[in-house]
Amino acid sequence: MAASCGSFKSLYKKYESNTQIPNNVIGLDTINTLSDNAPAPLSWREFFVDPVLQRLIDTALVRNTDLNSARIAIEQSEKSLEISKKSILPSLFFSPSGAIANFNSNTSKTYNVPLQANWDMGSIGSYTNKKRAAHAVLLQSQAREEAIKANLISTLAQQYSLLQLLDRKLDILTQTDSLWGKSLETQKVLWENGMVYSTAVNQLEASCLSVKAQIVDSKRSIRFVENCICQILAIPPQHIERSAWGSYSMPQIINNEISAQMLQYRPDIKLADHAMEEAYYNMQTARSAFYPGLSLSGNLGWTNNAGGAVINPGKILTSIVASIAQPIFARGQLKGNLKIAELAQEDMRNKWVQTVIDAGNQVNEALCDCQAARDKHGYYHRQVEVLHDAYRGTHELMDNGKASYLEVLTAQETLLNAQLDEATNMYDGAIALIELYIALGGATR
């Protein structure tokens with residue numbers, strides 16, 4: 001039975017990761033340049049250069065409760081590894097005992113003051129593989145911490161960018177409210193002088209009220225996002241400091257060479273690899289159960305109980321027992337455990353493959369979003385310029401009686417929407433760039 005489970009040497013074979021990431025997992029049609037030796041992603045401090053955002057990230061890395069829980073999990077795994085390393089050592093127990101017996105008016109007092117030792121070395125190779133499996137669990141805990149850290153930085157950066165976007169939209173709405181308010185006052189003067197109908201005043205006033213309502217919504221949204229950031233920072237609700245919109249820009253990594261091998265920095269791929277490593281050593285442990293196990297036990301102490309006779313004074317008692325257990329028939333349990341471990345290893349391999357596919361898909365999607373936002377930026381910018389000119393021209397024509405108030409309303413509302421769309425597209429581009437940075441394994445450095 002033991003021979004059918006492989007050679008003795010193979011029980012001590014270390015896990016070898018043969019997890020080469022395919023170059024085409026990102027999608028070759030998405031990028032213009034592809035390198036097998038692309039550099040590692042920038043550290044998050046090099047990528048997020050906004051000093052205000054950096055301070056927020058530093059605070060989150062210290063105070064965030066999810067990240068602190070991940071650190072506790074690492075400490076627990078370290079203790080488990082420490083325990084597994086010491087499991088090969090013998091255990092010592094000091095267990096003194098005493099007894100008083102009375103028979104036919106004869107009283108006897110016995111005592112034992114022994115130091116007991118037990119050394120269960122387990123089956124061949126089991127200790128080594130259990131220790132290595134515990135180390136793989138520790139590496140998984142560290143990868144989970146990296147994943148939480150990356151997600152934390154990504155979420156905080158996205159919320160920060162959203163806050164800047166809302167500030168920009170509020171600024172646009174405030175400027176529009178002021179501009180349209182002046183137009184409304186002009187229309188009221190014209191109406192009072194009988195130069196326009198009241199419907200023109202009413203329509204323009206309705207548009208002004210709509211902008212005022214959007215200003216209220218924007219302020220509420222700003223407060224909501226600030227509260228979300230406070231939750232991430234584990235602080236009470238308060239105002240969040242931020243830089244002005246567009247003050248700092250992130251590196252355009254889309255222009256750099258991108259390689260599928262950069263995915264190896266992703267914590268989820270590291271986690272999947274270490275999960276395969278743990279499954280491998282669990283399988284090795286299951287194989288080692290087919291081999292004999294050795295255990296030693298012994299006593300060293302002082303006793304006056306000499307196996308039925310009471311001796312006073314007592315004498316030193318020593319005993320050593322060694323045993324070897326070779327499994328012969330275990331009702332199929334050993335084979336069953338081995339098969340379960342082999343299937344678990346295969347399952348971890350499949351999960352690693354799917355993790356890599358998902359990672360490549362995320363990079364592909366982020367690249368497409370970055371490219372789309374960049375392509376649309378010029379169109380939106382030119383549209384705002386054109387609509388600015390159209391609004392000014394239409395307003396001048398109305399003042400000279402050559403255009404209706406409806407044309408002015410259409411021009412100013414179209415301009416407002418274009419300004420908001422341009423700001424939203426810039427935000428979408430920033431978010432896509434953050435997602436690309438995270439998808440390529442950033443924020444773990």
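Distances over 12 Å make up what percent of all Cα-Cα pairs in segment 349-407?
76 percent
So what are segment 182-283's ellipsoid semi-axes, whole angstrom, largest first, if each one is the square root of 5 times an eigenvalue of the alpha-carbon gyration tensor?
The three semi-axes for segment 182-283 are 58, 20, 14 Å.
Give me the one-decimal nm value for the distance between modelled label points at I357 and Q20, 7 Å along each residue's Cα-to-Cβ direction.
My value for the distance between the label points is 2.0 nm.
Report, in debye and to the nearest 20, how large the dipole of segment 338-388 comes out about its Cα centre when Lys and Arg carry +1 and Asp and Glu carry -1 on their Cβ. If you can, show how the numbers build up before the last one.
Numbers: 6 positive and 8 negative charges, 19 e Å.
Charge dipole of segment 338-388: 100 debye, to the nearest 20.
Assuming 0.36 nm per residue, please report the length gained on full extension of the stretch V384 to K219 beyond their Cα-Cα distance. The partial results should precede the final answer.
On the way: separation 165, 0.36 × 165 = 59.40 nm, distance 2.39 nm.
The V384-K219 span can extend by a further 57.0 nm.
Have a look at segment 136-242 and give its Rg and Dmax from the Cα atoms, expressed in angstrom.
Reported Rg and Dmax, both Å: 23.0, 85.
Can you give the alpha-carbon Rg of segment 168-226 over 2.2 N^0.38 Å, where N counts its residues?
Rg over 2.2 N^0.38 Å, computed on Cα atoms: 1.37.
Which whole-Hz couplings ³J(HN,Hα) result when phi for each residue of segment 91-99 is put into the Karplus expression 6.51 cos²θ - 1.76 cosθ + 1.60, θ = phi - 60°, listed in order with x for Gly and Pro?
Along segment 91-99, the couplings run 9, 10, 9, 9, 9, x, 8, x, 8 Hz.
Rule-based calculations on the coordinates, nothing more; no lab input. These figures come from a predicted structure and were not determined experimentally. For neighbour counting, all protein chains shown are included, and Cβ atoms are generated from backbone atoms with ideal geometry for every residue, glycine included.
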